[in-house]
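Inspection log for the structure reproduced underneath, given as structure tokens.
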Amino acid sequence: MRKVLLHGFLAAALLAGASACGSASTATTATQSDNAPAGLLKAGELAICINPEYSPMEYFENGTGGQPIGFDADSAVALANHWGVKPQFTISSFDGLMPALAAKRCDLVWSALYVNADRQKVADASPYLLTGPALVVPSGTDSIKSIDDLSGKSVAVLSGGANEATLKKLSAKFEAAGNPAVEIQSYPQNVLTVAALLNGKVDALIETDVSAVDVAQKSGGKLKTGPSFFDADTQFAVYTAKGSGLTKDVAAGLKALADNGTLATTAQKYSLDVNRIYKGK
């Protein structure tokens with residue numbers, strides 16, 4: 001699962017809008033071609049399950065409906081175009097994504113899902129993007145240029161998560177070397193970590209990289225993402241039905257989109273790190 005579902009740190013009201021199951025067709029269409037895989041549920045169409053509540057990966061531009069956009073949504077359309085078929089989005093709640101795939105309501109799930117053992121028991125995963133922790137800092141501040149610069153700095157983090165564990169491990173390393181520890185300020189809600197940074201209570205906050213981008217973009221220019229010096233330790237993947245013949249076609253399609261620069265161009269459009277595009281082992 002996503003480590004934390006973050007849908008809008010600076011506008012908590014957006015969290016209240018749960019998406020109901022339904023369908024929304026894209027405006028982009030393509031003609032059936034010889035490049036289309038044979039295993040699609042409907043010939044000439046790629047059915048994509050998505051939960052558009054995780055900017056900048058997938059979201060509604062107007063916040064409530066219409067055509068899903070974002071790195072995942074745009075890339076799914078690109079895959080459909082690569083195959084010469086029509087992309088068709090099926091909007092689902094986050095918890096309903098995998099059940100929808102199992103019920104054959106879509107050919108694949110492309111919605112910022114991490115690769116994990118539980119999902120791989122019931123579906124096949126095709127990685128496309130690496131993700132890991134990132135910093136958000138005040139705009140105009142350049143006091144944190146390397147990971148060593150976090151020694152002695154105050155950093156806000158969601159309590160009880162993987163990012164808090166990362167900070168504690170880093171702080172212990174600083175102390176073992178005789179340097180000041182990281183002043184870790186843990187909060188029970190992500191919106192509070194952002195508020196702490198905006199109010200000057202901390203020097204930075206730590207989040208997953210895609211969420212860090214979202215925080216910075218919604219800050220009205222007050223915040224920016226910091227340098228990337230944490231490891232990308234997790235993979236996002238497209239999921240297909242377990243044992244599906246479509247899995248190899250998805251993996252090949254993702255590789256083609258990575259090789260021809262489509263994924264990189266889409267990543268740049270949404271301010272994501274192009275170096276974290278998965279290009280295979």
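Only the coordinates and a few stated rules stand behind these numbers; no lab work does. Nothing here was measured: the structure is a model prediction, and the numbers come from that model. All Cβ positions, even for glycine, are placed from backbone atoms using ideal geometry, and neighbour counts span all protein chains on display.
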Seminar exercise, completed: Filtered hits (aspartates and glutamates, Cα-Cα < 18 Å from Lys168, offset >= 8 within chain) -> Asp148, Asp149, Glu183, Asp203, Glu207, Asp231, Asp233
Problem set entry | Relative contact order, percent, segment 110-239 [alpha-carbon distance under 8 Å, six or more residues apart] | 47
Exercise. In deg cm²/dmol, rounded to 500, what helix-only [θ] at 222 nm does the chain give when every DSSP H run of at least 4 residues adds -39500 (n - 2.57) and the total is split over its residues?
Worked result: -8500 deg cm²/dmol
For this session: Would you mind checking Lys224/Lys269; Lys169/Lys201; Lys86/Lys218; Lys145/Lys169 for any pair whose Cα atoms are more than 27 angstrom apart?
Result: Lys86/Lys218
For this session: For segment 143-159, take each phi angle, set θ = phi - 60°, evaluate the Karplus expression 6.51 cos²θ - 1.76 cosθ + 1.60, and give the result in whole Hz per residue in order, putting x for glycine and proline.
Result: 7, 10, 10, 9, 5, 5, 5, 6, 4, x, 8, 9, 10, 8, 7, 5, 6
Exercise. Percentage of Cα-Cα pair distances in segment 49-196 greater than 21 Å, rounded to whole percent?
Worked result: 59
Seminar exercise, completed: Restricted to segment 30-186, the DSSP antiparallel beta bridge percent, nearest 5, is 30
Exercise. Between Leu97, Leu135, Leu40, which gets the highest mean-square fluctuation from a Gaussian network model of the chain, Cα cutoff 10 Å?
Worked result: Leu40
Problem set entry | Computed P(r) (all Cα pairs; the chain; 10 Å bins; percent) | 7, 29, 33, 20, 10, 2, 0
Problem set entry | Dipole moment magnitude, nearest 20 debye, the chain about Cα centre, only Lys, Arg, Asp, Glu C-beta charged | 300
For this session: In Å and from the alpha-carbon atoms only, list the Rg and Dmax of segment 33-115.
Result: 12.3, 37
Problem set entry | Cα gyration tensor shape for segment 123-179, rounded if a/c is under 1.5, else prolate or oblate | prolate
Exercise. Over segment 148-281, with a single point scatterer placed on each C-alpha, what log10 of the ratio I(q)/I(0) does the Debye formula yield at q = 0.09, 0.14, 0.18 1/Å?
Worked result: -0.37, -0.78, -1.04
Exercise. GNM, the chain, Cα, under 10 Å: largest mean-square fluctuation among Thr90, Thr131, Thr166?
Worked result: Thr166
Seminar exercise, completed: Protection proxy (average C-beta count within 10 Å per residue), highest first, orders 179-185, 256-262, 142-148 as 179-185, 256-262, 142-148
Problem set entry | Residue-count net charge about Leu246 - beta-carbon cut-off 9 Å; Lys, Arg +1, Asp, Glu -1 | -2
For this session: First select every other residue whose beta carbon is under 14 angstrom from the beta carbon of Gln67; then total the charges, Lys and Arg +1, Asp and Glu -1.
Result: -3
